[in-house]
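Right, one structure below, let's go through it.
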Amino acid sequence: MKEGYELIYKRPESLLQTRMHYCPGCFHSTTHKILMEVVDELGIKEKTVGVCPVGCSVFAYDYLDVDMQEAAHGRAAAVATGIKRILPDRVVFSYQGDGDLAAIGTAETLHACNRGENFTFIFINNGIYGMTGGQMAPTTLEGQKTSTSPYGRDPEKVGLPLKMCEIVSQFKRVAFVQRVSFNTPANARKAKKAIKTAFEIQMKKLGTTFIEVASNCPSQWKCTPEESLDWLTNHVFPYYPLGVFKEPPKTKE
Amino acid sequence: MPQKGYVEISVEGCKGCNLCVLHCPTNCLALNTKDTNSYGLHYAYLAEEDKCIACMNCSVICPDAAITVYKKMAA
Ligand SMILES: Cc1ncc(C[n+]2csc(CCOP(=O)(O)OP(=O)(O)O)c2C)c(N)n1
Ligand code: SF4
Ligand code: SF4
Ligand code: SF4
(Lines give C-alpha, C1' and ligand atoms only; values in the text may rest on other atoms or scores of the structure.)
(Ligands and ions follow the chains in the order given, each with its own letter.)
Protein backbone atom coordinates (compact mmCIF):
# COMPACT_ATOMS: atom_id res chain seq x y z
CA MET A 1 0.00 0.00 0.00
CA LYS A 2 1.17 3.50 -0.79
CA GLU A 3 2.22 5.67 2.11
CA GLY A 4 -0.31 8.27 3.17
CA TYR A 5 -3.24 6.25 1.76
CA GLU A 6 -5.88 4.23 3.57
CA LEU A 7 -7.83 1.20 2.37
CA ILE A 8 -11.49 2.00 1.65
CA TYR A 9 -12.66 -1.05 -0.30
CA LYS A 10 -11.52 -4.62 -0.69
CA ARG A 11 -13.08 -7.90 -1.79
CA PRO A 12 -15.51 -9.09 0.93
CA GLU A 13 -14.07 -11.65 3.40
CA SER A 14 -16.98 -14.04 2.85
CA LEU A 15 -16.36 -14.24 -0.89
CA LEU A 16 -13.74 -16.97 -1.26
CA GLN A 17 -10.62 -16.18 -3.28
CA THR A 18 -11.61 -18.91 -5.79
CA ARG A 19 -12.02 -17.58 -9.32
CA MET A 20 -15.71 -17.67 -10.22
CA HIS A 21 -16.52 -19.54 -13.44
CA TYR A 22 -19.06 -16.96 -14.66
CA CYS A 23 -18.54 -15.24 -18.01
CA PRO A 24 -16.98 -11.74 -18.04
CA GLY A 25 -19.51 -9.08 -17.01
CA CYS A 26 -22.12 -11.56 -15.75
CA PHE A 27 -24.27 -10.25 -12.89
CA HIS A 28 -24.18 -13.65 -11.18
CA SER A 29 -20.69 -12.58 -10.08
CA THR A 30 -21.84 -9.11 -9.03
CA THR A 31 -24.71 -10.59 -7.03
CA HIS A 32 -22.35 -13.00 -5.24
CA LYS A 33 -20.02 -10.13 -4.37
CA ILE A 34 -22.76 -7.80 -3.09
CA LEU A 35 -24.47 -10.62 -1.17
CA MET A 36 -21.24 -11.39 0.68
CA GLU A 37 -20.62 -7.68 1.37
CA VAL A 38 -24.02 -7.61 3.09
CA VAL A 39 -23.24 -10.78 5.06
CA ASP A 40 -19.96 -9.24 6.23
CA GLU A 41 -21.53 -5.89 7.11
CA LEU A 42 -24.34 -7.52 9.12
CA GLY A 43 -21.81 -9.87 10.77
CA ILE A 44 -23.98 -12.92 10.02
CA LYS A 45 -21.47 -15.20 8.26
CA GLU A 46 -21.70 -17.89 10.94
CA LYS A 47 -25.48 -18.04 10.83
CA THR A 48 -26.20 -17.65 7.11
CA VAL A 49 -27.35 -20.63 5.04
CA GLY A 50 -27.74 -20.43 1.27
CA VAL A 51 -29.50 -22.82 -1.08
CA CYS A 52 -28.14 -22.95 -4.59
CA PRO A 53 -30.02 -24.04 -7.68
CA VAL A 54 -29.41 -25.84 -10.92
CA GLY A 55 -28.31 -23.39 -13.59
CA CYS A 56 -25.17 -21.32 -14.11
CA SER A 57 -24.97 -20.67 -10.36
CA VAL A 58 -24.95 -24.39 -9.48
CA PHE A 59 -21.44 -23.99 -8.07
CA ALA A 60 -22.27 -20.96 -5.88
CA TYR A 61 -21.25 -23.07 -2.88
CA ASP A 62 -17.66 -22.99 -4.14
CA TYR A 63 -17.57 -19.18 -3.87
CA LEU A 64 -19.72 -18.16 -0.92
CA ASP A 65 -18.05 -18.81 2.42
CA VAL A 66 -21.30 -19.52 4.28
CA ASP A 67 -23.14 -22.82 4.82
CA MET A 68 -24.62 -23.89 1.51
CA GLN A 69 -26.99 -26.63 0.39
CA GLU A 70 -27.54 -27.72 -3.21
CA ALA A 71 -31.15 -28.28 -4.27
CA ALA A 72 -32.57 -30.23 -7.21
CA HIS A 73 -33.68 -28.05 -10.14
CA GLY A 74 -36.49 -25.73 -9.03
CA ARG A 75 -36.71 -27.09 -5.51
CA ALA A 76 -34.65 -24.45 -3.70
CA ALA A 77 -37.71 -22.83 -2.08
CA ALA A 78 -38.79 -26.18 -0.59
CA VAL A 79 -35.28 -26.90 0.68
CA ALA A 80 -34.96 -23.37 2.13
CA THR A 81 -38.35 -23.87 3.84
CA GLY A 82 -37.06 -27.01 5.54
CA ILE A 83 -33.80 -25.40 6.65
CA LYS A 84 -35.48 -22.28 8.02
CA ARG A 85 -38.14 -24.28 9.89
CA ILE A 86 -35.55 -26.51 11.56
CA LEU A 87 -33.06 -23.67 12.21
CA PRO A 88 -35.22 -20.55 12.67
CA ASP A 89 -32.33 -18.49 14.06
CA ARG A 90 -30.36 -18.75 10.79
CA VAL A 91 -30.52 -16.23 7.95
CA VAL A 92 -31.58 -18.35 4.99
CA PHE A 93 -31.62 -17.43 1.31
CA SER A 94 -32.35 -19.30 -1.88
CA TYR A 95 -30.38 -18.26 -4.97
CA GLN A 96 -32.23 -19.11 -8.18
CA GLY A 97 -32.29 -18.37 -11.89
CA ASP A 98 -35.49 -17.70 -13.83
CA GLY A 99 -35.60 -21.18 -15.33
CA ASP A 100 -35.24 -22.56 -11.83
CA LEU A 101 -37.59 -20.25 -9.90
CA ALA A 102 -40.21 -19.41 -12.51
CA ALA A 103 -40.39 -22.51 -14.74
CA ILE A 104 -39.64 -25.89 -13.18
CA GLY A 105 -39.89 -24.47 -9.65
CA THR A 106 -42.99 -22.28 -9.98
CA ALA A 107 -45.04 -24.44 -7.62
CA GLU A 108 -42.42 -24.40 -4.87
CA THR A 109 -41.91 -20.65 -5.28
CA LEU A 110 -45.57 -19.68 -5.15
CA HIS A 111 -46.47 -21.95 -2.26
CA ALA A 112 -43.48 -20.85 -0.17
CA CYS A 113 -44.56 -17.24 -0.77
CA ASN A 114 -48.19 -18.03 0.02
CA ARG A 115 -47.13 -19.67 3.29
CA GLY A 116 -44.95 -16.65 4.04
CA GLU A 117 -41.85 -18.76 4.64
CA ASN A 118 -39.40 -16.57 6.47
CA PHE A 119 -36.43 -16.71 4.10
CA THR A 120 -35.09 -14.48 1.32
CA PHE A 121 -35.33 -15.29 -2.37
CA ILE A 122 -32.46 -14.00 -4.48
CA PHE A 123 -33.92 -14.36 -7.96
CA ILE A 124 -31.59 -13.87 -10.92
CA ASN A 125 -33.78 -13.01 -13.89
CA ASN A 126 -31.62 -12.94 -17.02
CA GLY A 127 -34.52 -13.85 -19.32
CA ILE A 128 -32.86 -17.00 -20.61
CA TYR A 129 -31.54 -20.44 -19.70
CA GLY A 130 -27.88 -19.53 -19.47
CA MET A 131 -26.33 -22.83 -18.53
CA THR A 132 -28.02 -25.11 -21.03
CA GLY A 133 -27.48 -23.07 -24.19
CA GLY A 134 -29.71 -20.02 -24.23
CA GLN A 135 -33.19 -21.51 -24.48
CA MET A 136 -36.32 -19.42 -23.95
CA ALA A 137 -37.28 -18.87 -20.31
CA PRO A 138 -40.68 -17.87 -18.87
CA THR A 139 -39.15 -14.40 -18.53
CA THR A 140 -37.83 -14.06 -22.09
CA LEU A 141 -39.18 -10.80 -23.54
CA GLU A 142 -41.77 -10.65 -26.32
CA GLY A 143 -39.95 -10.90 -29.65
CA GLN A 144 -36.63 -11.83 -28.03
CA LYS A 145 -34.66 -14.37 -30.02
CA THR A 146 -33.30 -17.42 -28.21
CA SER A 147 -32.18 -20.86 -29.38
CA THR A 148 -35.73 -22.19 -28.92
CA SER A 149 -37.46 -19.04 -30.18
CA PRO A 150 -35.31 -18.26 -33.24
CA TYR A 151 -38.00 -15.95 -34.67
CA GLY A 152 -38.55 -14.22 -31.34
CA ARG A 153 -40.88 -15.08 -28.44
CA ASP A 154 -44.43 -15.30 -29.73
CA PRO A 155 -46.97 -14.55 -26.95
CA GLU A 156 -49.74 -16.15 -29.05
CA LYS A 157 -48.04 -19.49 -28.59
CA VAL A 158 -46.22 -19.22 -25.25
CA GLY A 159 -47.81 -16.31 -23.39
CA LEU A 160 -46.21 -13.17 -22.07
CA PRO A 161 -43.11 -13.04 -19.84
CA LEU A 162 -43.86 -13.70 -16.17
CA LYS A 163 -43.49 -10.77 -13.79
CA MET A 164 -42.52 -12.51 -10.58
CA CYS A 165 -42.21 -9.44 -8.32
CA GLU A 166 -45.68 -8.30 -9.35
CA ILE A 167 -47.06 -11.81 -8.79
CA VAL A 168 -45.52 -12.56 -5.39
CA SER A 169 -46.40 -9.08 -4.07
CA GLN A 170 -50.04 -10.25 -4.05
CA PHE A 171 -49.46 -12.79 -1.29
CA LYS A 172 -50.43 -11.47 2.14
CA ARG A 173 -47.53 -13.18 3.91
CA VAL A 174 -44.87 -11.81 1.58
CA ALA A 175 -43.26 -8.89 3.44
CA PHE A 176 -40.76 -7.30 1.07
CA VAL A 177 -40.36 -7.33 -2.71
CA GLN A 178 -37.87 -5.29 -4.74
CA ARG A 179 -36.46 -5.52 -8.27
CA VAL A 180 -32.87 -4.31 -8.58
CA SER A 181 -30.06 -4.32 -11.13
CA PHE A 182 -26.30 -3.85 -11.37
CA ASN A 183 -26.14 -1.87 -14.60
CA THR A 184 -24.79 1.31 -12.97
CA PRO A 185 -22.90 2.01 -9.73
CA ALA A 186 -25.98 3.85 -8.40
CA ASN A 187 -28.23 0.85 -9.05
CA ALA A 188 -25.65 -1.52 -7.59
CA ARG A 189 -25.62 0.53 -4.38
CA LYS A 190 -29.45 0.39 -4.26
CA ALA A 191 -29.32 -3.37 -4.83
CA LYS A 192 -27.01 -3.81 -1.88
CA LYS A 193 -29.34 -1.80 0.33
CA ALA A 194 -32.27 -3.93 -0.85
CA ILE A 195 -30.54 -7.21 0.06
CA LYS A 196 -29.60 -5.79 3.44
CA THR A 197 -33.18 -4.68 4.07
CA ALA A 198 -34.47 -8.12 3.05
CA PHE A 199 -32.16 -9.86 5.53
CA GLU A 200 -33.10 -7.42 8.30
CA ILE A 201 -36.81 -8.05 7.67
CA GLN A 202 -36.14 -11.80 7.72
CA MET A 203 -34.37 -11.43 11.08
CA LYS A 204 -37.48 -9.64 12.39
CA LYS A 205 -39.54 -12.67 11.18
CA LEU A 206 -41.97 -10.54 9.18
CA GLY A 207 -42.52 -12.94 6.28
CA THR A 208 -41.07 -13.85 2.91
CA THR A 209 -38.58 -11.44 1.34
CA PHE A 210 -38.02 -11.46 -2.42
CA ILE A 211 -35.25 -9.72 -4.36
CA GLU A 212 -35.30 -9.97 -8.14
CA VAL A 213 -32.14 -9.01 -9.99
CA ALA A 214 -32.85 -7.79 -13.52
CA SER A 215 -29.75 -9.62 -14.66
CA ASN A 216 -27.80 -10.12 -17.84
CA CYS A 217 -26.30 -12.97 -19.82
CA PRO A 218 -23.81 -11.55 -22.32
CA SER A 219 -22.88 -15.02 -23.57
CA GLN A 220 -26.36 -16.26 -24.42
CA TRP A 221 -27.64 -12.83 -25.41
CA LYS A 222 -24.69 -12.97 -27.81
CA CYS A 223 -23.38 -9.52 -27.01
CA THR A 224 -20.61 -7.78 -25.08
CA PRO A 225 -21.06 -6.94 -21.38
CA GLU A 226 -21.43 -3.28 -22.40
CA GLU A 227 -24.16 -4.11 -24.94
CA SER A 228 -25.94 -6.18 -22.30
CA LEU A 229 -26.32 -2.99 -20.22
CA ASP A 230 -27.94 -1.27 -23.20
CA TRP A 231 -30.34 -4.20 -23.63
CA LEU A 232 -31.30 -3.90 -19.98
CA THR A 233 -32.01 -0.17 -20.28
CA ASN A 234 -33.79 -0.29 -23.64
CA HIS A 235 -35.73 -3.56 -23.39
CA VAL A 236 -35.71 -5.12 -19.93
CA PHE A 237 -36.47 -2.17 -17.61
CA PRO A 238 -39.48 -0.92 -19.62
CA TYR A 239 -41.15 -4.33 -19.06
CA TYR A 240 -39.52 -5.15 -15.72
CA PRO A 241 -39.33 -1.81 -13.88
CA LEU A 242 -36.92 -1.52 -10.97
CA GLY A 243 -38.19 -0.54 -7.56
CA VAL A 244 -39.90 -1.60 -4.35
CA PHE A 245 -43.15 -3.50 -4.92
CA LYS A 246 -43.97 -4.22 -1.31
CA GLU A 247 -42.56 -3.35 2.09
CA PRO A 248 -43.69 -3.81 5.69
CA PRO A 249 -45.76 -0.96 7.14
CA LYS A 250 -43.47 1.52 8.89
CA THR A 251 -43.51 1.02 12.66
CA LYS A 252 -42.32 3.49 15.26
CA GLU A 253 -38.98 2.35 16.72
CA MET B 1 -11.35 19.82 -3.74
CA PRO B 2 -12.25 16.22 -4.55
CA GLN B 3 -10.47 13.53 -2.58
CA LYS B 4 -7.56 11.69 -4.14
CA GLY B 5 -7.33 7.97 -4.52
CA TYR B 6 -5.78 5.07 -6.29
CA VAL B 7 -6.88 1.56 -7.15
CA GLU B 8 -5.20 -1.81 -7.49
CA ILE B 9 -6.68 -4.21 -10.03
CA SER B 10 -5.86 -7.91 -9.77
CA VAL B 11 -4.47 -8.94 -13.16
CA GLU B 12 -5.47 -12.58 -12.71
CA GLY B 13 -8.82 -11.71 -11.07
CA CYS B 14 -9.89 -9.33 -13.86
CA LYS B 15 -11.97 -10.76 -16.72
CA GLY B 16 -11.71 -7.73 -18.97
CA CYS B 17 -15.44 -7.03 -19.02
CA ASN B 18 -14.68 -3.29 -19.30
CA LEU B 19 -17.52 -2.28 -16.97
CA CYS B 20 -15.19 -0.40 -14.58
CA VAL B 21 -13.66 1.52 -17.50
CA LEU B 22 -17.16 2.51 -18.67
CA HIS B 23 -18.31 3.70 -15.26
CA CYS B 24 -15.23 5.57 -14.02
CA PRO B 25 -16.36 9.23 -13.89
CA THR B 26 -12.84 10.60 -14.45
CA ASN B 27 -11.79 8.16 -17.19
CA CYS B 28 -8.66 7.10 -15.37
CA LEU B 29 -9.04 3.37 -16.09
CA ALA B 30 -8.25 1.57 -19.34
CA LEU B 31 -8.22 -1.95 -20.70
CA ASN B 32 -4.77 -3.25 -21.58
CA THR B 33 -5.35 -4.48 -25.11
CA LYS B 34 -1.68 -5.35 -25.70
CA ASP B 35 -1.32 -7.90 -22.94
CA THR B 36 -3.39 -10.71 -21.41
CA ASN B 37 -3.45 -12.52 -18.08
CA SER B 38 -2.91 -16.29 -17.85
CA TYR B 39 -6.57 -16.86 -18.89
CA GLY B 40 -5.94 -15.03 -22.15
CA LEU B 41 -8.06 -12.05 -21.10
CA HIS B 42 -7.19 -8.38 -21.42
CA TYR B 43 -7.19 -6.72 -18.02
CA ALA B 44 -8.06 -3.26 -16.73
CA TYR B 45 -5.46 -1.00 -15.14
CA LEU B 46 -5.16 2.45 -13.62
CA ALA B 47 -3.90 4.44 -16.60
CA GLU B 48 -4.01 7.95 -15.14
CA GLU B 49 -3.48 7.72 -11.43
CA ASP B 50 -3.61 11.44 -10.68
CA LYS B 51 -7.22 11.56 -11.89
CA CYS B 52 -8.60 8.96 -9.43
CA ILE B 53 -11.01 10.50 -6.87
CA ALA B 54 -11.60 7.33 -4.78
CA CYS B 55 -15.32 7.31 -5.66
CA MET B 56 -15.47 3.48 -5.67
CA ASN B 57 -17.70 3.34 -8.76
CA CYS B 58 -15.28 0.83 -10.27
CA SER B 59 -15.19 -1.46 -7.24
CA VAL B 60 -18.98 -1.33 -6.92
CA ILE B 61 -19.57 -2.28 -10.56
CA CYS B 62 -16.77 -4.89 -10.88
CA PRO B 63 -18.50 -8.28 -11.01
CA ASP B 64 -15.41 -10.18 -9.94
CA ALA B 65 -14.33 -8.06 -6.96
CA ALA B 66 -10.95 -7.55 -8.62
CA ILE B 67 -10.55 -3.93 -7.51
CA THR B 68 -9.15 -2.60 -4.23
CA VAL B 69 -9.58 1.13 -3.54
CA TYR B 70 -7.44 3.47 -1.45
CA LYS B 71 -8.00 7.07 -0.40
CA LYS B 72 -5.38 9.66 0.42
CA MET B 73 -5.42 10.47 4.12
CA ALA B 74 -5.89 14.07 5.21
CA ALA B 75 -2.51 15.62 5.86
C1 LIG C 1 -34.80 -31.84 -13.41
C2 LIG C 1 -33.95 -31.10 -14.41
N3 LIG C 1 -34.51 -30.63 -15.54
C4 LIG C 1 -33.76 -29.96 -16.46
C5 LIG C 1 -32.43 -29.73 -16.22
C6 LIG C 1 -31.60 -28.98 -17.26
N7 LIG C 1 -31.30 -27.61 -16.84
C8 LIG C 1 -30.14 -27.31 -16.26
S9 LIG C 1 -29.98 -25.68 -15.92
C10 LIG C 1 -31.49 -25.35 -16.62
C11 LIG C 1 -32.05 -23.96 -16.70
C12 LIG C 1 -31.15 -22.88 -16.19
O13 LIG C 1 -31.68 -21.62 -16.40
P14 LIG C 1 -31.84 -20.54 -15.26
O15 LIG C 1 -32.51 -21.12 -14.07
O16 LIG C 1 -32.50 -19.36 -15.87
O17 LIG C 1 -30.36 -20.20 -14.79
P18 LIG C 1 -29.14 -19.54 -15.56
O19 LIG C 1 -28.32 -20.69 -16.07
O20 LIG C 1 -29.68 -18.67 -16.65
O21 LIG C 1 -28.43 -18.77 -14.50
C22 LIG C 1 -32.09 -26.52 -17.09
C23 LIG C 1 -33.40 -26.55 -17.76
C24 LIG C 1 -31.88 -30.24 -15.02
N25 LIG C 1 -30.59 -30.06 -14.72
N26 LIG C 1 -32.65 -30.92 -14.13
S1 SF4 D 1 -23.97 -18.18 -19.58
FE2 SF4 D 1 -24.92 -16.23 -19.07
S3 SF4 D 1 -25.75 -16.46 -16.96
FE4 SF4 D 1 -24.25 -18.11 -17.35
S5 SF4 D 1 -22.30 -17.33 -16.54
FE6 SF4 D 1 -22.36 -16.87 -18.74
S7 SF4 D 1 -23.22 -14.82 -18.88
FE8 SF4 D 1 -23.66 -15.58 -16.82
S1 SF4 E 1 -12.26 5.03 -7.61
FE2 SF4 E 1 -13.56 6.23 -9.01
S3 SF4 E 1 -12.12 7.63 -10.00
FE4 SF4 E 1 -10.87 6.02 -9.07
S5 SF4 E 1 -10.59 4.50 -10.69
FE6 SF4 E 1 -12.38 3.87 -9.51
S7 SF4 E 1 -14.11 4.78 -10.63
FE8 SF4 E 1 -12.28 5.83 -11.34
S1 SF4 F 1 -14.97 -4.47 -13.93
FE2 SF4 F 1 -13.55 -5.88 -12.90
S3 SF4 F 1 -13.43 -7.68 -14.23
FE4 SF4 F 1 -14.33 -6.02 -15.45
S5 SF4 F 1 -12.60 -5.07 -16.51
FE6 SF4 F 1 -12.89 -3.92 -14.60
S7 SF4 F 1 -11.56 -4.92 -13.10
FE8 SF4 F 1 -11.76 -6.30 -14.83
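A cut-off under 12 angstrom between Cβ atoms defines the neighbours of A:Thr233, and their net charge, with Lys, Arg +1 and Asp, Glu -1, is -3. Cross-link reach is defined here as a Cα-Cα straight distance under 12 Å, omitting same-chain residues fewer than 8 places apart; for A:Lys145 the aspartates and glutamates meeting it are A:Asp154. Short-range pairs are left out: with C-alpha atoms under 8 Å and at least six residues apart, the relative contact order of region A:44-87 is 39 percent. When only Cα pairs below 8 angstrom with a gap of at least 6 residues are kept, chain A shows a relative contact order of 17 percent.
With a cut-off of 13 Å on the backbone N, the residues of region A:169-188 near the modelled label site 7 Å out from A:Lys204 along Cα-Cβ are A:175-177. For A:Ile8, nonlocal amide neighbours, meaning residues 5 or more places apart or on other chains whose placed amide H falls under 5 Å from its own, are B:Val69, B:Tyr70, B:Lys71. Taking the DSSP beta bridges with both ends in region A:1-150, the antiparallel portion is around 25 percent. Spacing of the modelled spin labels on A:His21 and A:His111, each 7 Å from Cα toward Cβ, amounts to 3.0 nm.
Rounded to the nearest 20, the Cβ-based charge dipole of chain A about its Cα centre (Lys and Arg +1, Asp and Glu -1) stands at 640 debye.
Could you tally the net charge around A:Gly127, taking each other residue with its Cβ under 15 Å from the Cβ of A:Gly127, Lys/Arg +1 and Asp/Glu -1? That sum, taken over residues with Cβ under 15 Å, equals -1.
Computed over chain A with a Gaussian network model linking Cα atoms closer than 10 Å, the most mobile of A:Glu226, A:Glu142, A:Glu212 is A:Glu226.
Of the residues A:Phe59, A:Leu35, A:Tyr9, the one whose Cα sits farthest towards the positive end of the charge dipole of region A:1-69 is A:Phe59 (charges of +1 on Lys and Arg Cβ, -1 on Asp and Glu Cβ, taken about the Cα centre). Springs join every pair of Cα atoms under 10 Å in this Gaussian network model of chain A, and among A:Glu156, A:Glu200, A:Glu13 the largest mean-square fluctuation is at A:Glu156. If R0 equals 22 Å, the separation of the Cβ atoms of A:Lys193 and A:Glu46 corresponds to a calculated FRET efficiency of about 0.45. With a simple spin-label model that places each label point 7 Å from the Cα along the Cα-to-Cβ direction, the separation between A:Thr251 and A:Met1 comes to 4.0 nm. Near B:Ile53, once Lys and Arg are set to +1 and Asp and Glu to -1 for all other residues with Cβ below 13 Å from its Cβ, the sum equals +1.
Lys-Lys pairs in region A:151-232 that are eight or more residues apart or on separate chains and whose Cα atoms lie under 26 Å of each other come to 22.
Restricting attention to the protein assembly as shown, close to 45% of DSSP beta bridges with both partner residues there are antiparallel.
Computed on chain B, with alpha-carbon pairs under 8 angstrom and 6+ residues apart, the relative contact order is 44 percent. Ligands, DNA and RNA aside, B:Met73 has an accessible area near 90 Å² when probed at 1.4 Å. When the Gaussian network model of chain A links Cα atoms closer than 10 Å, the mean-square fluctuations of A:Tyr63, A:Tyr151, A:Tyr240 top out at A:Tyr151.
Taking amide H as placed 1.01 Å from N in the peptide plane, B:Asn32 has its amide H under 5 Å from the amide H of B:Tyr43, B:Ala44, B:Tyr45, each at least 5 places away in sequence or on another chain.
Please work out the FRET efficiency for the pair A:Ile104 and A:Phe59, using the Cβ-Cβ distance as r and a Förster radius of 30 Å; give the result to the nearest 0.05. The formula returns an efficiency of 0.95 here. Note on chain B: dipole from Cβ charges, positive end direction compared against B:Asn18, B:Ile53, B:Leu41; the farthest Cα belongs to B:Ile53. What the phi angles of region B:43-56 give under the Karplus curve with 6.51, -1.76 and 1.60, with θ = phi - 60°, is a coupling list of 10, 7, 8, 7, 7, 10, 4, 5, 8, 5, 10, 6, 7, 6 Hz, glycine and proline written as x. Given a Förster distance of 45 angstrom, what is the FRET efficiency for B:Lys34 paired with A:Glu142, based on the Cβ-Cβ distance and rounded to 0.05? Computed FRET efficiency for B:Lys34 and A:Glu142 comes out at 0.55. Taking chain B, the Cys residues with no second Cys beta-carbon under 4.7 angstrom are B:Cys14, B:Cys17, B:Cys24, B:Cys28, B:Cys52, B:Cys55, B:Cys62.
The values are calculated or read from the model by the stated rules, or taken from the named source; none is laboratory data. If you're wondering where the values come from, they're calculated on a predicted model, not measured in any experiment. Glycine gets a Cβ as well: all are built from the backbone with ideal geometry, and neighbour counts include every protein chain shown. These accessible areas exclude ligands, DNA and RNA; they are computed on the full protein's heavy atoms, side chains included. Shrake-Rupley method; radii C 1.70, N 1.55, O 1.52, S 1.80 Å.
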